[in-house]
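The values are calculated or read from the model by the stated rules, or taken from the named source; none is laboratory data. If you're wondering where the values come from, they're calculated on a predicted model, not measured in any experiment. With ideal geometry, Cβ positions are generated from the backbone for all residues, glycine too; neighbour counts draw on all protein chains shown. Side chains included, ligands, DNA and RNA excluded: accessible areas come from the protein's heavy atoms. Shrake-Rupley method; radii C 1.70, N 1.55, O 1.52, S 1.80 Å.
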Amino acid sequence: LIKKLKKLNIKNYKFIMKKLLIIITLLIIAVIFAGIFTLYSVSPTSKYKEIVYFEIRQGEGANSIARKLELQGLIRNAKLFSLISKYLKYDRKLLSGYYELNKTMNMIDIMKYINSGKQVMSKLTITEGKNIYEIANYLEEENFTTKEEFLKLCHDKEILKKYNIPAESVEGYIFPSTYYIVKGNPPIVLLNLMIDSLFEKFPRDDFENRAKKLGYSLHEVLTMASIIEKEMGALDDPKIISSVYYNRLSIDMRLQADPTTIYAMTLQKGDAIETVKSSEIAAAIRLMQSPYNTYLKKGLPPSPICSSGVRAIEAALNPANTDYLFFVADGTGKHVFTRTYEEHVDNINKYIFNKR
(Lines give C-alpha, C1' and ligand atoms only; values in the text may rest on other atoms or scores of the structure.)
Protein backbone atom coordinates (compact mmCIF):
# COMPACT_ATOMS: atom_id res chain seq x y z
CA LEU A 1 0.00 0.00 0.00
CA ILE A 2 2.86 2.36 0.87
CA LYS A 3 4.60 1.68 -2.45
CA LYS A 4 1.35 2.30 -4.33
CA LEU A 5 0.83 5.58 -2.51
CA LYS A 6 4.38 6.66 -3.32
CA LYS A 7 3.97 5.71 -6.96
CA LEU A 8 0.77 7.75 -7.09
CA ASN A 9 2.76 10.69 -5.81
CA ILE A 10 0.10 11.48 -3.24
CA LYS A 11 1.22 14.53 -1.33
CA ASN A 12 -0.69 13.68 1.83
CA TYR A 13 0.93 10.24 2.15
CA LYS A 14 2.00 10.92 5.73
CA PHE A 15 -1.47 12.09 6.67
CA ILE A 16 -3.08 8.92 5.29
CA MET A 17 -0.54 6.74 7.07
CA LYS A 18 -1.28 8.51 10.31
CA LYS A 19 -5.00 7.93 9.80
CA LEU A 20 -4.41 4.23 9.08
CA LEU A 21 -2.35 3.80 12.22
CA ILE A 22 -5.08 5.45 14.26
CA ILE A 23 -7.77 3.19 12.72
CA ILE A 24 -5.66 0.08 13.28
CA THR A 25 -4.96 1.12 16.85
CA LEU A 26 -8.65 1.77 17.48
CA LEU A 27 -9.55 -1.58 15.97
CA ILE A 28 -7.04 -3.33 18.21
CA ILE A 29 -8.38 -1.47 21.25
CA ALA A 30 -11.95 -2.36 20.20
CA VAL A 31 -11.03 -6.03 19.84
CA ILE A 32 -9.34 -5.99 23.24
CA PHE A 33 -12.33 -4.31 24.87
CA ALA A 34 -14.72 -6.68 23.07
CA GLY A 35 -12.69 -9.59 24.39
CA ILE A 36 -12.67 -8.19 27.90
CA PHE A 37 -16.42 -7.49 27.69
CA THR A 38 -17.11 -11.00 26.40
CA LEU A 39 -14.96 -12.61 29.07
CA TYR A 40 -16.68 -10.49 31.72
CA SER A 41 -20.14 -11.28 30.34
CA VAL A 42 -19.42 -15.00 30.17
CA SER A 43 -17.88 -15.13 33.65
CA PRO A 44 -19.85 -16.12 36.80
CA THR A 45 -22.06 -13.42 38.26
CA SER A 46 -20.83 -14.05 41.80
CA LYS A 47 -17.96 -15.62 43.69
CA TYR A 48 -20.43 -16.95 46.25
CA LYS A 49 -22.21 -20.25 45.60
CA GLU A 50 -25.76 -18.96 45.74
CA ILE A 51 -28.13 -21.72 44.56
CA VAL A 52 -30.93 -20.75 42.18
CA TYR A 53 -33.67 -23.16 41.06
CA PHE A 54 -34.34 -22.52 37.41
CA GLU A 55 -37.28 -23.79 35.38
CA ILE A 56 -37.38 -24.29 31.61
CA ARG A 57 -40.86 -24.87 30.28
CA GLN A 58 -41.71 -27.24 27.47
CA GLY A 59 -41.08 -25.59 24.09
CA GLU A 60 -39.32 -22.55 25.57
CA GLY A 61 -36.70 -21.07 23.22
CA ALA A 62 -33.13 -19.90 23.83
CA ASN A 63 -34.06 -16.19 23.82
CA SER A 64 -36.72 -16.64 26.49
CA ILE A 65 -34.41 -18.83 28.57
CA ALA A 66 -31.64 -16.25 28.27
CA ARG A 67 -33.88 -13.42 29.48
CA LYS A 68 -34.98 -15.48 32.50
CA LEU A 69 -31.37 -16.39 33.32
CA GLU A 70 -30.43 -12.71 33.27
CA LEU A 71 -33.43 -11.73 35.40
CA GLN A 72 -32.48 -14.35 38.00
CA GLY A 73 -28.90 -13.10 38.11
CA LEU A 74 -27.35 -16.22 36.63
CA ILE A 75 -25.87 -14.53 33.53
CA ARG A 76 -24.92 -10.94 32.72
CA ASN A 77 -26.04 -10.64 29.12
CA ALA A 78 -29.06 -12.39 27.60
CA LYS A 79 -28.21 -11.44 24.00
CA LEU A 80 -24.70 -12.84 24.30
CA PHE A 81 -26.12 -16.07 25.77
CA SER A 82 -28.43 -16.40 22.76
CA LEU A 83 -25.59 -15.74 20.29
CA ILE A 84 -23.15 -18.16 21.93
CA SER A 85 -25.76 -20.90 22.38
CA LYS A 86 -26.60 -20.59 18.69
CA TYR A 87 -22.94 -20.65 17.67
CA LEU A 88 -22.21 -23.71 19.86
CA LYS A 89 -25.47 -25.32 18.71
CA TYR A 90 -26.87 -25.49 22.23
CA ASP A 91 -29.90 -23.39 21.35
CA ARG A 92 -31.96 -26.43 20.32
CA LYS A 93 -30.71 -28.65 23.14
CA LEU A 94 -31.77 -26.63 26.18
CA LEU A 95 -33.95 -29.31 27.77
CA SER A 96 -37.12 -28.43 29.66
CA GLY A 97 -37.19 -29.19 33.37
CA TYR A 98 -36.17 -27.88 36.77
CA TYR A 99 -32.44 -27.27 37.38
CA GLU A 100 -30.33 -26.44 40.40
CA LEU A 101 -27.88 -23.78 39.21
CA ASN A 102 -25.59 -21.49 41.16
CA LYS A 103 -24.03 -18.10 40.55
CA THR A 104 -20.45 -19.39 40.46
CA MET A 105 -21.21 -21.15 37.16
CA ASN A 106 -20.11 -19.30 34.03
CA MET A 107 -22.36 -18.90 31.01
CA ILE A 108 -20.89 -21.86 29.13
CA ASP A 109 -21.18 -24.11 32.21
CA ILE A 110 -24.85 -23.17 32.50
CA MET A 111 -25.45 -24.01 28.84
CA LYS A 112 -23.76 -27.39 29.23
CA TYR A 113 -25.63 -28.16 32.46
CA ILE A 114 -29.03 -27.37 31.00
CA ASN A 115 -28.05 -29.37 27.92
CA SER A 116 -27.21 -32.37 30.14
CA GLY A 117 -30.79 -32.70 31.40
CA LYS A 118 -29.56 -33.22 35.00
CA GLN A 119 -32.69 -31.96 36.65
CA VAL A 120 -33.07 -31.45 40.38
CA MET A 121 -35.02 -34.17 42.16
CA SER A 122 -37.44 -33.65 45.01
CA LYS A 123 -37.83 -36.24 47.75
CA LEU A 124 -41.48 -36.81 48.63
CA THR A 125 -42.52 -39.29 51.30
CA ILE A 126 -46.12 -40.46 51.42
CA THR A 127 -46.69 -42.21 54.74
CA GLU A 128 -49.16 -44.97 55.52
CA GLY A 129 -52.60 -43.87 56.67
CA LYS A 130 -52.69 -40.51 54.90
CA ASN A 131 -55.77 -39.56 52.89
CA ILE A 132 -55.77 -37.53 49.68
CA TYR A 133 -56.52 -34.30 51.56
CA GLU A 134 -53.52 -34.74 53.83
CA ILE A 135 -51.35 -35.69 50.84
CA ALA A 136 -52.56 -32.59 48.95
CA ASN A 137 -51.59 -30.35 51.88
CA TYR A 138 -48.18 -31.99 52.10
CA LEU A 139 -47.47 -31.56 48.38
CA GLU A 140 -48.45 -27.90 48.62
CA GLU A 141 -46.13 -27.40 51.61
CA GLU A 142 -43.31 -28.94 49.57
CA ASN A 143 -44.05 -26.49 46.72
CA PHE A 144 -44.71 -29.35 44.33
CA THR A 145 -48.26 -28.34 43.40
CA THR A 146 -51.28 -26.61 44.88
CA LYS A 147 -53.76 -28.44 47.05
CA GLU A 148 -56.60 -27.54 44.70
CA GLU A 149 -54.80 -28.83 41.60
CA PHE A 150 -53.88 -32.14 43.19
CA LEU A 151 -57.37 -32.79 44.58
CA LYS A 152 -58.85 -31.98 41.19
CA LEU A 153 -56.61 -34.65 39.66
CA CYS A 154 -57.59 -37.12 42.38
CA HIS A 155 -61.22 -36.75 41.26
CA ASP A 156 -60.49 -36.65 37.52
CA LYS A 157 -62.80 -39.04 35.67
CA GLU A 158 -60.21 -39.91 33.04
CA ILE A 159 -57.74 -41.03 35.70
CA LEU A 160 -60.46 -43.04 37.48
CA LYS A 161 -61.31 -44.69 34.17
CA LYS A 162 -57.65 -45.37 33.34
CA TYR A 163 -57.13 -47.30 36.58
CA ASN A 164 -60.62 -48.80 36.69
CA ILE A 165 -61.41 -47.23 40.07
CA PRO A 166 -65.12 -47.57 40.94
CA ALA A 167 -65.25 -44.50 43.16
CA GLU A 168 -65.30 -40.70 43.04
CA SER A 169 -61.59 -40.34 43.79
CA VAL A 170 -58.31 -42.25 43.78
CA GLU A 171 -58.41 -42.51 47.58
CA GLY A 172 -56.66 -45.69 48.69
CA TYR A 173 -54.88 -46.23 45.37
CA ILE A 174 -51.92 -43.96 46.19
CA PHE A 175 -49.13 -46.21 47.43
CA PRO A 176 -47.20 -45.00 50.50
CA SER A 177 -43.52 -44.76 49.66
CA THR A 178 -40.63 -42.34 49.14
CA TYR A 179 -40.58 -40.86 45.66
CA TYR A 180 -37.89 -38.86 43.88
CA ILE A 181 -39.56 -36.51 41.43
CA VAL A 182 -38.21 -33.91 39.03
CA LYS A 183 -39.47 -30.55 40.23
CA GLY A 184 -41.33 -28.74 37.50
CA ASN A 185 -43.04 -31.89 36.23
CA PRO A 186 -46.83 -31.67 36.23
CA PRO A 187 -48.49 -33.27 39.30
CA ILE A 188 -50.27 -35.83 37.11
CA VAL A 189 -46.83 -37.45 36.59
CA LEU A 190 -46.51 -37.96 40.34
CA LEU A 191 -50.10 -39.18 40.75
CA ASN A 192 -49.65 -41.76 37.99
CA LEU A 193 -46.36 -42.88 39.54
CA MET A 194 -47.93 -43.33 42.98
CA ILE A 195 -50.85 -45.38 41.62
CA ASP A 196 -48.57 -47.40 39.33
CA SER A 197 -46.39 -48.18 42.37
CA LEU A 198 -49.34 -49.87 44.07
CA PHE A 199 -49.78 -52.26 41.15
CA GLU A 200 -46.05 -52.84 40.86
CA LYS A 201 -46.02 -54.02 44.48
CA PHE A 202 -49.32 -55.87 44.10
CA PRO A 203 -49.74 -56.88 40.43
CA ARG A 204 -53.36 -56.27 39.51
CA ASP A 205 -54.25 -59.73 38.19
CA ASP A 206 -52.81 -61.45 41.23
CA PHE A 207 -54.45 -58.89 43.54
CA GLU A 208 -57.86 -59.44 41.94
CA ASN A 209 -57.51 -63.25 42.12
CA ARG A 210 -56.58 -63.16 45.81
CA ALA A 211 -59.47 -60.81 46.55
CA LYS A 212 -61.87 -63.04 44.63
CA LYS A 213 -60.90 -66.04 46.76
CA LEU A 214 -62.06 -64.04 49.79
CA GLY A 215 -65.32 -63.24 48.05
CA TYR A 216 -64.51 -59.57 47.54
CA SER A 217 -63.29 -57.24 44.79
CA LEU A 218 -59.90 -55.54 44.66
CA HIS A 219 -61.61 -52.24 45.53
CA GLU A 220 -63.33 -53.76 48.56
CA VAL A 221 -60.08 -55.29 49.81
CA LEU A 222 -58.32 -51.93 49.50
CA THR A 223 -61.21 -50.40 51.45
CA MET A 224 -60.77 -53.03 54.18
CA ALA A 225 -57.00 -52.47 54.16
CA SER A 226 -57.49 -48.74 54.74
CA ILE A 227 -59.64 -49.40 57.83
CA ILE A 228 -57.04 -51.86 59.16
CA GLU A 229 -54.30 -49.29 58.47
CA LYS A 230 -56.07 -46.67 60.57
CA GLU A 231 -56.95 -49.05 63.39
CA MET A 232 -53.77 -51.07 63.91
CA GLY A 233 -51.26 -50.15 66.57
CA ALA A 234 -47.50 -50.29 66.16
CA LEU A 235 -47.27 -53.68 67.91
CA ASP A 236 -50.44 -55.22 66.54
CA ASP A 237 -50.79 -58.17 64.24
CA PRO A 238 -52.92 -56.51 61.54
CA LYS A 239 -54.20 -59.90 60.37
CA ILE A 240 -56.10 -60.31 63.65
CA ILE A 241 -57.71 -56.87 63.22
CA SER A 242 -58.54 -57.91 59.68
CA SER A 243 -60.26 -61.05 60.99
CA VAL A 244 -62.47 -58.99 63.32
CA TYR A 245 -63.88 -56.90 60.48
CA TYR A 246 -64.37 -59.85 58.13
CA ASN A 247 -66.11 -61.70 60.97
CA ARG A 248 -68.46 -58.77 61.46
CA LEU A 249 -69.25 -58.63 57.76
CA SER A 250 -69.97 -62.36 57.70
CA ILE A 251 -72.74 -62.02 60.32
CA ASP A 252 -74.11 -58.74 58.89
CA MET A 253 -72.81 -56.76 61.87
CA ARG A 254 -71.91 -53.11 61.49
CA LEU A 255 -68.16 -52.47 61.31
CA GLN A 256 -68.38 -49.60 63.81
CA ALA A 257 -64.97 -48.22 62.89
CA ASP A 258 -64.25 -44.71 64.17
CA PRO A 259 -61.79 -43.90 61.32
CA THR A 260 -64.54 -44.27 58.70
CA THR A 261 -66.71 -41.75 60.54
CA ILE A 262 -63.77 -39.34 60.83
CA TYR A 263 -63.29 -39.72 57.08
CA ALA A 264 -66.97 -38.82 56.59
CA MET A 265 -66.24 -35.63 58.55
CA THR A 266 -63.23 -35.02 56.31
CA LEU A 267 -65.36 -35.32 53.18
CA GLN A 268 -67.92 -32.96 54.66
CA LYS A 269 -65.19 -30.40 55.38
CA GLY A 270 -63.43 -30.96 52.06
CA ASP A 271 -60.06 -30.77 53.75
CA ALA A 272 -57.85 -32.68 56.16
CA ILE A 273 -58.84 -32.77 59.82
CA GLU A 274 -55.77 -32.36 62.01
CA THR A 275 -57.41 -33.03 65.37
CA VAL A 276 -60.85 -34.27 66.30
CA LYS A 277 -62.37 -34.44 69.75
CA SER A 278 -63.98 -37.62 71.05
CA SER A 279 -67.19 -35.65 71.62
CA GLU A 280 -67.21 -34.63 67.93
CA ILE A 281 -66.76 -38.25 66.85
CA ALA A 282 -69.55 -39.35 69.19
CA ALA A 283 -71.89 -36.73 67.72
CA ALA A 284 -70.98 -37.73 64.16
CA ILE A 285 -71.53 -41.42 64.97
CA ARG A 286 -75.06 -40.66 66.14
CA LEU A 287 -76.12 -38.12 63.55
CA MET A 288 -74.03 -38.20 60.37
CA GLN A 289 -75.98 -39.80 57.54
CA SER A 290 -73.01 -40.83 55.45
CA PRO A 291 -72.17 -44.16 53.79
CA TYR A 292 -68.83 -43.81 55.61
CA ASN A 293 -70.51 -43.81 59.02
CA THR A 294 -70.11 -47.52 59.73
CA TYR A 295 -71.96 -47.16 63.04
CA LEU A 296 -75.19 -46.47 61.14
CA LYS A 297 -74.51 -48.18 57.79
CA LYS A 298 -73.87 -51.87 57.35
CA GLY A 299 -71.11 -53.26 55.16
CA LEU A 300 -67.95 -51.67 53.86
CA PRO A 301 -67.91 -47.95 53.07
CA PRO A 302 -67.96 -47.01 49.34
CA SER A 303 -64.20 -46.59 49.04
CA PRO A 304 -60.93 -46.61 51.02
CA ILE A 305 -60.41 -43.93 53.63
CA CYS A 306 -56.62 -43.59 53.29
CA SER A 307 -53.50 -45.01 51.66
CA SER A 308 -52.60 -48.44 53.01
CA GLY A 309 -49.13 -49.88 53.44
CA VAL A 310 -47.97 -53.39 52.63
CA ARG A 311 -48.79 -54.84 56.08
CA ALA A 312 -52.38 -53.60 55.99
CA ILE A 313 -52.99 -54.77 52.41
CA GLU A 314 -51.51 -58.19 53.14
CA ALA A 315 -53.68 -58.41 56.25
CA ALA A 316 -56.78 -57.56 54.23
CA LEU A 317 -55.85 -60.25 51.71
CA ASN A 318 -54.94 -62.83 54.34
CA PRO A 319 -56.95 -62.38 57.57
CA ALA A 320 -56.19 -64.54 60.58
CA ASN A 321 -58.55 -67.40 61.37
CA THR A 322 -60.30 -66.21 64.56
CA ASP A 323 -63.78 -65.79 65.98
CA TYR A 324 -63.05 -62.37 67.50
CA LEU A 325 -65.65 -59.64 67.08
CA PHE A 326 -64.30 -56.88 69.34
CA PHE A 327 -61.03 -55.20 70.24
CA VAL A 328 -59.85 -52.32 72.37
CA ALA A 329 -56.47 -50.55 72.65
CA ASP A 330 -54.55 -51.55 75.76
CA GLY A 331 -52.30 -48.47 75.77
CA THR A 332 -49.11 -50.34 74.81
CA GLY A 333 -49.34 -50.04 71.02
CA LYS A 334 -51.56 -53.06 70.53
CA HIS A 335 -55.13 -54.23 71.06
CA VAL A 336 -56.88 -56.81 73.21
CA PHE A 337 -59.40 -58.98 71.35
CA THR A 338 -62.60 -60.61 72.60
CA ARG A 339 -65.41 -62.78 71.30
CA THR A 340 -68.36 -61.39 73.26
CA TYR A 341 -69.68 -57.92 73.91
CA GLU A 342 -69.60 -58.54 77.68
CA GLU A 343 -65.88 -59.28 77.54
CA HIS A 344 -65.44 -56.18 75.38
CA VAL A 345 -67.17 -53.96 77.95
CA ASP A 346 -64.95 -55.39 80.69
CA ASN A 347 -61.87 -54.49 78.63
CA ILE A 348 -63.18 -50.98 77.94
CA ASN A 349 -63.56 -50.46 81.69
CA LYS A 350 -60.12 -51.93 82.30
CA TYR A 351 -58.10 -50.16 79.62
CA ILE A 352 -60.09 -46.97 78.88
CA PHE A 353 -61.76 -46.08 82.17
CA ASN A 354 -59.26 -47.91 84.42
CA LYS A 355 -62.02 -49.69 86.33
CA ARG A 356 -61.40 -53.18 87.62
Taking segment 217-353, the whole-percent share of alpha-carbon pairs separated by over 22 angstrom is 36 percent
Output row, site ILE51, 7 Å Cα→C-beta label point, backbone N cut-off 19 Å, window segment 176-195, residues 179-185
Taking every alpha carbon pair in segment 55-115 and sorting the distances into 5 angstrom bins from 0 up to the bin holding the longest one, the percent per bin comes out as 4, 21, 36, 30, 9, 0
Ranking MET224, TYR48, ILE29 by how far each Cα lies towards the positive end of the charge dipole of the chain (+1 on Lys and Arg Cβ, -1 on Asp and Glu Cβ), the top one is ILE29
Residues whose modelled amide H sits under 5 Å from the amide H of PHE326, counting only those 5 or more places away in sequence or on another chain, are THR338
The answer for ASN102, listing residues at least 5 apart or on another chain whose modeled amide H is closer than 5 Å to its amide H, is VAL52
If every Lys and Arg gets +1 and every Asp and Glu gets -1 at its Cβ, then about the Cα centre the chain yields a dipole, in debye to the nearest 20, of 3980 debye
Counting only protein heavy atoms and rolling a 1.4 Å probe, one gets per residue an accessible area for segment 198-356 in Å² of 52 Å²
Flagged as over-length at 24 Å C-alpha distance, from LYS123/LYS201; LYS89/LYS183; LYS130/LYS212; LYS93/LYS147; LYS130/LYS157; LYS86/LYS112, the pairs are LYS89/LYS183; LYS130/LYS212; LYS93/LYS147
Residue ranges of DSSP H helices in the chain that stretch 24 Å or more (Cα, own long axis) and have mean Kyte-Doolittle hydropathy of at least 0.0 are 13-42
re the chain: pairs of Cα atoms spaced beyond 37 Å account for a percent value of 46 percent
Cα convex hull volume per residue for segment 91-159, in Å³, equals 136 Å³
With +1 at each Lys and Arg Cβ and -1 at each Asp and Glu Cβ, the charge dipole magnitude of segment 228-356 around its Cα centre, to the nearest 20 debye, comes out at 260 debye
Expressed in angstrom and rounded, the centroid-to-centroid distance over alpha carbons for segment 258-279 and segment 164-221 is 23 Å
The long-range amide H neighbours of SER177, using H built 1.01 Å from N in the peptide plane and a cut-off of under 5 Å, are ILE126
In whole angstrom, the spacing between the Cα centers of segment 20-92 and segment 280-356 equals 66 Å
Treating only Lys and Arg (+1) and Asp and Glu (-1) as charged, each at its beta carbon, one finds that segment 233-275 has a dipole about its Cα centre, in Debye to the nearest 20, of 160 debye
Along the dipole axis of the chain (charges at Cβ: +1 for Lys and Arg, -1 for Asp and Glu; origin at the Cα centre), the most positive-end residue among LEU160, ILE348, ASN77 is ASN77
